[in-house]
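Asks: Supplied in structure tokens, the structure appears directly below.
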Amino acid sequence: MPLLENGHIKDDTWVTVTEDAPLPATGAVIVPFARLEEGLARGADAPLGVTIGPDVDVSLLRPALPRLGLVAVTFTTFRDGRAFTQARALREHLSFTGEIRATGKPLPDQYEFMLRCGVTTVQTERAEDISVWQQAHEIISVAYQPSVLHERRQGLGLRRFLS
Amino acid sequence: MSTDTAPLPVGRYAYDQVDRTFLSQRVAQFREQVNRRVKGDLSEDEFKPLRLMNGLYLQLHAYMLRVAVPYGMMGSDQMRMLAHIARTYDRDYGHFTTRQNIQFNWIRLEDTPDILQHLADVDMHAIQTSGNCIRNVTCDEFAGAAADELLDPRIHAEILRQWSTLHPEFSFLPRKFKIAISGSPHDRVAARFHDIGLVARPGAQGRPVFDVFVGGGLGRTPIIGVQLRDNLPEEDLVAYLEAIVRVYNAYGRRDNMYKARIKILVQALGVEAFREKVDAEFALMDRADYRLDPAIVDGIRARFGIPELVAPADAAQKLAADRKADPAFDRWVRTNTHPHRNDGFISAVISIKPDGGIPGDVTADQMDLIAELADGWSFGEIRVTHMQNVVLGHVRKDRLHELWGKLVAAGLGTPNIGLVGDIIACPGLDYCSLANARSIPIAQKLSARFADPELQERIGRLHINISGCINACGHHHAGHIGILGVDKRGEEFFQLTLGGSAANDVAIGQIIGPALPEDETVDAIARLIDTYLVLRQGDEQFIDTYRRLGAASFKDAVYAPA
Ligand code: HEM
Ligand code: SF4
């Protein structure tokens, strides 16, 4: 599926570098967590992103974050919800303002959850039509708890409206 | 269906248009998901967590739909809708569960979107009654009525229900997550057998404070929860629970579903290390964002209907006279009622455990009758208990005898609450694909064997819990007498545990010896109880005799028939 942002297709300006491929000297690249040092060594103005697995403690990214334009979290399966906590911690505790990309195999039905945890873009291996993702984003308009999107509480209790 | 101007339903949160919008969107979403499944866009593997989030299980013979009864509270209109669903889509009955919900055992997948729409019409749903998410929050069945209560826990149960509903971060946890909350010093919710147990009481500034227990549970590895925090201020309730569940989501095991509950994480890290992680998370949080403002609490409280408790001055005297005149009624009052905070009222427990019956099963007609009685006697309010019974919370004492007469006429007057006949049993091999043995027939035989109400009362308080396999849905570890179905070379056997308790004296039952064949189990339990009657001092309860004398005194009775 193409890269998705807010329910719409977006051009991907990043190049994802795998475990053992050579690292381009320039251009926007996403490196695996294990190659983060190598990526940082490329020079301060080369745009850098990193992919983390669900077991990575995001606080380890703290020193590198000022240099990172993107963090990709991974749903190795849709059942593994750790990426939600990672994304939310990146926004809430580490004040990361760059792109958070969901990768792997999340379900469209998890899209709203991802957005409310701070994910901005989705790049999945799934095949369904983009409209399923758009619909998943629009179908529910009410939420009952705070999120990193800081939807304003409205009226009664913990409720807020999603846009 | 109630409207925004209708009187508020007693004892539970009244939905308004926003809540209804949410529910109908949720139904539409599920309809769409069912469509995608039918079209093949979703594999069964992918559909499974989505249907589970809507309470739909695949059982041995059919789909099972578990409908949420938040903190066990519902109204007569909702009960009537459940009766309608039982008649239209099931085989005329439903089953109350130990987590205060109701489930239907014979559901067709294609019907579920329509059933969910019917439920939504009366502000009900099946959201998060299964799946690896935060489940229905359970609560004291005498909440808001009990004489011993310090604080009505339902307001905070509702807040936690809302907070956990489609929680973006906690809908794909390592495993299911169960929260119980009590506002009484007498634990009627098994707080320490839950992933999180909360015990609320009034704090110094007039706002509630909470003791927080974590990491309790039954299942394969029964563990008593530990106290993580005392005197948690109300304003930090949501923040602190977020912190606990975040730590669990990040570190709970996902490689082995039998080791995935939070109890295993707490044990693996040790309580101190677990608490440090929670405290660290809590310290990092922007507490203003998560603050549970008193205004939020009061706003939700204002959506709860309050019963107008007005009784004639002589209500208690009238009840005393009725009891004197009618010994059978007197017995039922002794066993099946609970003291109310208002002296003119009493809480009545309707036993869903008729002699020889299936614990927790109710027919559609019985549901309608319960609804009618709730309207006539208890402000239209109905409570499902974790013992799989039903409570009418606020009954005028002078009208109790009349209520009892109607219950008896309908076969709902069994006087056995808290006694041998009040058995908890899981569905077992009659329904469940994981079962080793049939729990229901054992429950039926035991309850028929001890049907004599006089004998039951003489035996006194005794909890029997039956599970058909090690997953412990019947909470056998928490029973005074626990019965566990095991498989021995393809035969159904039952292992007995003694001394468990889910109350303040919380304990895990101990295995007494080798498992017994099906046809010897009921006799062995009868001998065990006879032995207790001989060994007891005065009117000592079974659990106390057992604790005084230990298992050895009972072993002979079980294994060496006279
Ligand atoms: C046939 C359908 C059922 C199946 C397949 C099933 C399966 C399971 C499994 C696998 C567990 C263990 C979960 C774990 O420890 O992680 C469990 C626990 C539990 N089940 Fe069931 N169950 C069924 C029906 C029921 C019913 C009808 C009730 C209530 C009457 C129930 C109440 C419970 C409770 C309270 C636990 C919790 C134990 C704990 O929290 O430690 N289950 N169930
Ligand atoms: S205890 Fe075992 S047999 Fe009984 S319902 Fe649970 S999983 Fe099924």
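Asks: Just report the Cα centroid separation between region B:1-79 and region B:155-222, whole Å.
Replies: 22 Å
Asks: Classify region B:106-222 from the C-alpha gyration tensor, please: rounded if a/c falls under 1.5, else prolate or oblate depending on whether a/b exceeds b/c. Please list the in-between numbers first.
Replies: Values: a/c = 2.05, a/b = 1.55, b/c = 1.33.
The shape class here is prolate.
Asks: May I ask for the longest run of chain B untouched by GluC sites (Glu not before Pro) that are loop-located per DSSP and have at most 15 neighbouring C-beta atoms (other than their own) within 10 Å? Please list the in-between numbers first.
Replies: Numbers: sites that count: B:E308, B:E540.
Counting at most 15 other Cβ atoms within 10 Å as exposed, the longest clean stretch of chain B is B:1-307.
Asks: For region B:212-357, compute Rg over Rh where Rg is the Cα radius of gyration and Rh is the Kirkwood radius from the inverse mean 1/r over Cα pairs. Spell out each step's value before the answer.
Replies: Numbers: Rg = 23.4 Å, Rh = 20.0 Å.
Answer for region B:212-357: 1.17.
Asks: Based on the Cβ-Cβ distance of B:V271 and B:N504, what FRET efficiency does E = 1/(1 + (r/R0)^6) give at R0 = 22 Å, to the nearest 0.05? Each step should come with its number before you reach the end.
Replies: Working: r = 20 Å, r/R0 = 0.93.
That pair, B:V271 with B:N504, gives E of 0.60.
Asks: Related question: With each pseudo-label sitting 7 Å past Cα toward Cβ, what's the B:A448-A:D57 distance in nm, one decimal?
Replies: Once both label points are built, they end up 6.0 nm from each other.
Asks: For chain B, which DSSP H helices look membrane-span-like by this rule: Cα extent along the axis of 18 Å or more and mean Kyte-Doolittle of at least -0.5? Don't skip to the end; give the middle numbers.
Replies: Working: long enough: B:17-39 (33 Å, -1.06); B:76-89 (19 Å, -0.45); B:237-251 (21 Å, 0.98); B:271-284 (20 Å, 0.06); B:364-377 (19 Å, 0.04); B:518-535 (26 Å, 0.43).
Qualifying helices, which must be both long enough and hydrophobic enough, are B:76-89, B:237-251, B:271-284, B:364-377, B:518-535.
Asks: At 222 nm, what value in deg cm²/dmol follows for chain B if DSSP H runs of at least 4 each add -39500 (n - 2.57) and the sum is divided by all its residues, to the nearest 500? Mind dumping the intermediate values first?
Replies: Details: 19 runs with 213 residues, N = 562.
After summing the helix terms and dividing by residue count, I get -11500 deg cm²/dmol.
Asks: Further question: If you take every DSSP beta bridge fully contained in chain A, what fraction is antiparallel? Give it as a percent rounded to 5.
Replies: Values: 7 of 28 bridges.
Of all bridge pairs located within chain A, approximately 25 percent are antiparallel.
Asks: For A:A127, put the label point 7 Å out on the Cα→Cβ axis and report which residues of region B:26-55 keep their amide N under 13 Å from it.
Replies: So the set is B:40-43.
Asks: Looking only at chain B, where both bridge partners belong to it, what percent of the DSSP beta bridges are antiparallel (to the nearest 5)?
Replies: Values: 53 of 67 bridges.
Restricted to chain B, the bridges split so that about 80 percent are antiparallel.
Asks: Given bins 5 angstrom wide, list per bin the percent of all Cα-Cα distances in chain A, short to long.
Replies: Computed distribution, short to long bins: 1, 9, 18, 20, 20, 15, 9, 5, 2, 1, 0, 0.
Asks: Could you tell me how many degrees, from 0 to 90 and to the nearest 10, lie between the Cα long axis of helix A:82-92 and the main elongation axis, the longest principal axis, of the Cα atoms of chain A?
Replies: It works out to around 90 degrees.
Asks: How long are the three semi-axes of the equivalent ellipsoid for chain B, computed from the Cα gyration tensor as the root of 5 times each eigenvalue, in whole Å, largest first? Intermediate results must be reported in sequence, preceding the final value.
Replies: Details: eigenvalues 224, 173, 131 Å².
Semi-axes (√(5λ), whole Å): 33, 29, 26.
Asks: Let's see if you can work this out: charge +1 on each Lys and Arg Cβ, -1 on each Asp and Glu Cβ, no other charges. What is the dipole magnitude of chain B about its Cα centre, in debye to the nearest 20? Provide the component values of the computation, followed by the final result.
Replies: Working: 63 positive and 73 negative charges, 201 e Å.
That gives chain B a dipole magnitude of about 960 debye.
Asks: Could you please report the charge total around B:E402, scoring K, R as +1 and D, E as -1 over all other residues with beta-carbon less than 12 angstrom from its beta-carbon?
Replies: +2
Asks: By the scheme Lys and Arg +1, Asp and Glu -1, what is the net charge of all other residues having a beta-carbon under 15 Å from that of B:R108? Walk me through the numbers on the way to the answer.
Replies: Details: positive: B:R31, B:R37, B:R51, B:R87, B:R91; negative: B:D90, B:E110, B:D111, B:D114.
Net of charged neighbours comes to +1.
Asks: Taking the Cα atoms of the protein assembly as shown alone, what are Rg (to one decimal) and Dmax (as a whole number) in Å?
Replies: 27.0, 96
Asks: 7 Å from Cα along Cα→Cβ at both B:D539 and B:A288: what's the point-to-point distance in nm?
Replies: 6.0 nm
Asks: Could I ask something else about it? Which are the unpartnered cysteines of the protein assembly as shown, meaning those with no other cysteine Cβ under 4.7 Å from their Cβ?
Replies: Cysteines lacking a close Cβ partner in the protein assembly as shown: A:C117, B:C133, B:C139, B:C432, B:C469.
Asks: With labels modelled as points extended 7 Å from the Cα through the Cβ direction, what inter-label distance (nm, one decimal) is found for B:Q59 paired with B:S433?
Replies: So the two model labels end up 1.4 nm from each other.
Asks: Sum up the charges of everything whose Cβ sits under 10 Å from the Cβ of A:R101, counting Lys and Arg as +1 and Asp and Glu as -1, but leave A:R101 out. Don't jump to the answer; show the numbers that get you there.
Replies: Values: positive: none; negative: A:E5, A:D12, A:E99.
Overall, the nearby charge balance is -3.
Asks: I need the calculated FRET efficiency for the pair B:A313 and B:E402, taking r as the beta carbon distance and R₀ as 25 Å, to the nearest 0.05. Before the final figure, lay out the partial values.
Replies: On the way: r = 19 Å, r/R0 = 0.75.
Using R0 = 25 Å, I get an efficiency of 0.85.
Asks: Considering only DSSP beta bridges whose two residues both sit in the protein assembly as shown, what percent are antiparallel, to the nearest 5? Before the final figure, lay out the partial values.
Replies: Numbers: 60 of 95 bridges.
Of all bridge pairs located within the protein assembly as shown, approximately 65 percent are antiparallel.
Asks: In 5 Å bins starting at zero, report the fraction of Cα pairs in region B:17-121 per bin as a rounded %.
Replies: 2, 12, 22, 26, 20, 12, 5, 1
Asks: Now, a different point. Rounded to the nearest 500, what is chain A's calculated 222 nm mean residue ellipticity when only DSSP H runs of at least 4 contribute -39500 (n - 2.57) each, over all residues? Don't skip to the answer; put the middle values down first.
Replies: Values: 4 runs with 31 residues, N = 163.
Per the formula, -5000 deg cm²/dmol.
Asks: Continuing with the same structure: Pull up the cross-link candidates among the aspartates and glutamates for B:K318, meaning alpha carbon to alpha carbon under 13 Å and not fewer than 8 places away within one chain.
Replies: Reachable aspartates and glutamates: B:D326, B:D330, B:D343, B:D398, B:E402.
Asks: If r is the Cβ-Cβ distance from B:N256 to A:A21 and R0 is 30 Å, what FRET efficiency results, to the nearest 0.05?
Replies: On the way: r = 34 Å, r/R0 = 1.14.
Calculated value: 0.30.
Only the coordinates and a few stated rules stand behind these numbers; no lab work does. Computed from a predicted structure; not experimentally measured. Here the Cβ is made from the backbone with ideal geometry for all residues, glycine too, and neighbour counts use every protein chain on show.
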